[in-house]
Amino acid sequence: MKSSILLRVASALTLVFCAGHTYRALSPAARSPEEAAVFMAMQAFPFTIMGFRRTHWDFYRGFSLLLSVTLVLLAVLLWQLGAMAQSDPARARPLIASLLLGYIGFTVLSGLYFFTAPAVLSAAAAICLALAFLSAR
């Protein structure tokens, strides 16, 4: 399969990952009393860091939204890299390799600290990137 197609498939998988993550991060969810207590505790105790008052909730929510922005950026870069792979596969290979390493990291961390859906989507994107790397000669 052509590397440009594989890179665009990886881009689409990344957008699916982003959509699922962002939807869940922003949707109000019914929580068990125990989970609600943890979230309330995360919001209840502000502390000063670098001159700003923040809570653990601020970091939790902020890093969640940063991941959404990062996933959109990766999807756009993968799509653009697909165009580059068509015209200049040799120049695209180092970029594909870099992204492949990142997606392997996403896969491992998702498997260790999260759950199946992000691990599977990251692994599928990593496989697409590995195949794109091999076919971009």
Checklist entry - Out of region 96-137, which residues are within 19 Å of Ser64 (Cβ to Cβ) and among the aliphatic types (A, V, I, L, M)? => result Leu109, Leu112, Ala117, Ala119, Leu121
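Would you pick out the residues in region 12-21 that are surrounded by 21 or more Cβ atoms within 10 Å (Cβ to Cβ) and either closer than 18 Å to Arg91 by Cβ or not aromatic (Phe, Trp, Tyr) (or both)? Lay out the reasoning, then the answer.
Within region 12-21, the first condition is being surrounded by 21 or more Cβ atoms within 10 Å (Cβ to Cβ), and the residues that meet it are 13-14, 17.
Correct list: Leu13, Thr14.
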Checklist entry - If you scan region 53-88, which residues turn out to be surrounded by 13 or more Cβ atoms within 10 Å (Cβ to Cβ), within 16 Å of the chain's Cα centre (by Cα) and among the small types (Gly, Ala, Ser)? => result Ser64, Ser68, Ala75
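Does Gly62 meet the test of being without any contact (Cβ under 8 Å) to a residue 12 or more places away in the chain, assigned to a helix (DSSP H, G or I) and within 26 Å of Phe106 (Cβ to Cβ)? Steps first, please.
Numbers: without any contact (Cβ under 8 Å) to a residue 12 or more places away in the chain: yes; assigned to a helix (DSSP H, G or I): yes; within 26 Å of Phe106 (Cβ to Cβ): yes.
Against the criterion (without any contact (Cβ under 8 Å) to a residue 12 or more places away in the chain, assigned to a helix (DSSP H, G or I) and within 26 Å of Phe106 (Cβ to Cβ)), Gly62 qualifies.
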Checklist entry - Which one is surrounded by the fewest Cβ atoms within 10 Å (Cβ to Cβ), of the residues in region 89-119 that are under 13 Å from the mean Cα position of the chain (by Cα), over 18 Å from Val16 (Cβ atoms) and touching a residue at least 12 places away in the same chain (Cβ under 8 Å)? => result Ile104
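Hey, any hits in region 129-137 for a residue that's free of Cβ contacts under 8 Å to residues at least 60 places away in the same chain, within 14 Å of Leu7 (Cα to Cα) and charged (D, E, K, R)? Write out each step before concluding.
Taking region 129-137 as the starting set, the residues that turn out to be free of Cβ contacts under 8 Å to residues at least 60 places away in the same chain are 130, 134, 137.
Now narrow it down to the ones that are within 14 Å of Leu7 (Cα to Cα): 130, 134.
If we keep only those that are charged (D, E, K, R) too, we end up with none.
Checking region 129-137: not a single residue is free of Cβ contacts under 8 Å to residues at least 60 places away in the same chain, within 14 Å of Leu7 (Cα to Cα) and charged (D, E, K, R).
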Checklist outcome for this item: Flagged in region 41-53 as more than 24 Å from Ser68 (Cβ to Cβ) and either assigned to a helix (DSSP H, G or I) or touching a residue at least 12 places away in the same chain (Cβ under 8 Å) (or both), in numbering order, are Ala41, Ala44
Item to check | Those residues of region 22-38 which are in a helix (DSSP H, G or I), within 29 Å of Leu73 (Cα to Cα) and open to solvent by less than 60 Å² (accessible area, probe 1.4 Å), in sequence order | outcome: Thr22, Ala25
Checklist entry - So which residues in region 22-40 are farther than 25 Å from Thr70 by Cα and among the charged types (D, E, K, R)? => result Arg31, Glu34, Glu35
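The values are calculated or read from the model by the stated rules, or taken from the named source; none is laboratory data. Keep in mind that this is a model prediction, so the values were computed, not measured. Note: ideal-geometry Cβ built from the backbone for every residue, glycine included; neighbour counts use all protein chains shown. Note: areas computed on protein heavy atoms with side chains; ligands, DNA, RNA excluded. Shrake-Rupley method; radii C 1.70, N 1.55, O 1.52, S 1.80 Å.
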